[in-house]
Amino acid sequence: MTVTVHPAAALAGSPVLPADKSVAHRAAIFAAIAEGESQIIGFSDAADPHSTLACLRALGVEIEERPDVLGADGTPSLFVQGRGLGGLRPAPGVLDCGNSGTTMRLLMGLLAGRPFDTTLTGDASLSGRPMERVAAPLRQMGGAVDLSDGGAPVGLRGRGLRGRGLRGITYRLPVASAQVKSAVLLAGLSARGTTTVVEPVPTRDHTERMLELDVLDVGGERHVSVEGGAAVRARRWVVPRDVSAAAFFLVAGSTAEAAVIQLSGVGLNPTRSGVLDVLRAMGATIKVSNERERGGEPIADLRVEAPGGLAGVEIGGAIVPNLIDEIPALAVAAAYAEGQTVIRDAAELRVKETDRIAATAAFLRAMGGAVTERPDGLVVDGGRPLHGATVDARGDHRIAMAAAVAALGATGPTTIRGAEAAAVSFPGFWEALEGVAVGSVEHGPPRPA
Ligand code: S3P
């Protein structure tokens, strides 16, 4: 699908954001292995969490979508009949994780200790992503994991455990990855004894919050532990709105000539909200109000106003995992800011749905931005006017949406190829963008003037 985005000087509105993808995946998995019925309010329509649902259904879990049972904010519910960890059944075929790294990595952890074999596959992008980072600790726990060239298809030979099962380990994360942390902790549920993940640099903590795990601070490092055989409680989960989706509107509002955009019920877990800190440090006007809790996660309403009058910043160190998915959007803010922005310590971006360092540099350069790639980040010399161009999303939802936001402040139309990728995390994105910038979104290439 091709979308053309026309410039828009003034933005206004209250776009409805999708449910938090990270929380949605986890709520579905935890509900599946709980004993009894769980309700998930505000589950995501996005493709990635639906990949997780499809896999769980294939493992014998009954999941019913109930658009008629609404939560307090009008979002529909999902009912999951948890079978207990021991109640998962061998899937009749290969489990297709689609484009979703979280699905594949969390299910590797969940299924490595089950007494049956499973094969996990994904699309071309997911098949090229590194899985050894999960396979290595699972093997240390006694799991039998086969990879193809370090990636998918992933074979889990549960029958090969021959009744021995997994053993608990203490694992220090060599890469700051919440997916690896969560996979090891999920495997820990099937293991003998205690499994502890040590995080030198904190990553998103939804798994430990949602499972109410023990977390210790030992000499500045986080130690997260789970006991083998611990039961997961069936309960009511409430999924906040995705701060990673909010980021596109926060950047759009901060870089426009005039804007007032309101975003309600946004998850503001401190391990996810680095984008707010950075945009504010750049000079953006973002007001946070009505702070409250939803399903154990802090949420709030946000209001962004232009003009932000942004200035370049340095982004690096421990904040990076807290805004890793928002870097393409932040690079767009940097292109509209005065002065230089340096983004470092973000080499992980090279192994996301696409190489996001290369993809971000490519679309910003095509639009006239001054961007230099570094192995672990980007240098953006901001303040140069951007112009419309034809760019490619490279199959990556966040690149499609970041390019769209860049296009709003450019001169002339920008055509985004592969715009359908947005639906991986934000199915209503193009409608939401049109809602705040009326007349900006044209499906297909631009009509001749
Ligand atoms: C996620 C963790 C992050 C993030 C991804 C979702 C999660 O990946 O980029 O979009 O839900 O745990 P890594 O764990 O690979 O850093």
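The values are calculated or read from the model by the stated rules, or taken from the named source; none is laboratory data. Remember, it's a predicted structure, so these values are computed and weren't measured experimentally. No Cβ is skipped: glycine too gets one built from the backbone with ideal geometry, and neighbour counts run over all protein chains shown. These accessible areas exclude ligands, DNA and RNA; they are computed on the full protein's heavy atoms, side chains included. Shrake-Rupley method; radii C 1.70, N 1.55, O 1.52, S 1.80 Å.
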Legend entry - Inter-label distance for H443 and S148, nm, one decimal - labels placed 7 Å from Cα along Cα-to-Cβ: 3.5
Inset, instruction - Give me the compactness ratio for region 365-449, meaning the Cα radius of gyration over 2.2 N^0.38 Å. - result: 1.12
Inset, instruction - Give me the number: length gained by fully extending A54 to L216, i.e. 0.36 nm times residue separation minus the C-alpha to C-alpha distance, one decimal in nm. - result: 54.8 nm
Legend entry - Inter-site label distance for A136 and E314 at 7 Å from Cα along Cβ, in nm: 2.9
Inset, instruction - Find how many whole Å separate the alpha carbon centroid of region 267-341 from the alpha carbon centroid of region 204-258. - result: 16
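Take the solvent-accessible surface of the protein heavy atoms, probe 1.4 Å, and return the percent of it on the chain that carbon and sulfur atoms account for.
Values: 8020 of 15960 Å².
Solvent-exposed carbon and sulfur of the chain make up 50 percent of the total.
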Inset, instruction - Any chance you could tell me what percent of the C-alpha pair distances in region 26-96 go past 18 Å? - result: 36
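DSSP loop GluC sites (Glu not before Pro) in region 270-368 with at most 10 other Cβ atoms within 10 Å of their Cβ, which ones? Can you show the working numbers first?
Values: sites: E291, E293, E305, E314, E326, E338, E348, E353; in loops: E353.
When the GluC sites (Glu not before Pro) of region 270-368 are filtered for loop state and at most 10 Cβ neighbours within 10 Å, nothing remains.
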Legend entry - Max mean-square fluctuation residue, GNM over the chain, Cα-Cα springs under 10 Å, options T170, T103, T414: T170
Inset, instruction - Over the chain, give the accessible area per residue in Å² for a 1.4 Å probe, as an integer. - result: 36
Inset, instruction - Lys and Arg at +1, Asp and Glu at -1: add these up for the other residues within a Cβ distance under 10 Å of D355 and post the number. - result: +1
Legend entry - Extension gain from D68 to M1, taking 0.36 nm per residue of separation minus the Cα-Cα distance: 21.0 nm
Legend entry - Viscosity 1.002 mPa s, 20 °C: Kirkwood-radius Stokes-Einstein D of region 266-328 over Cα pairs, µm²/s: 170
Inset, instruction - List the equivalent ellipsoid semi-axes of the chain in whole Å, largest first, each obtained as the square root of 5λ for an eigenvalue λ of the Cα gyration tensor. - result: 37, 22, 21
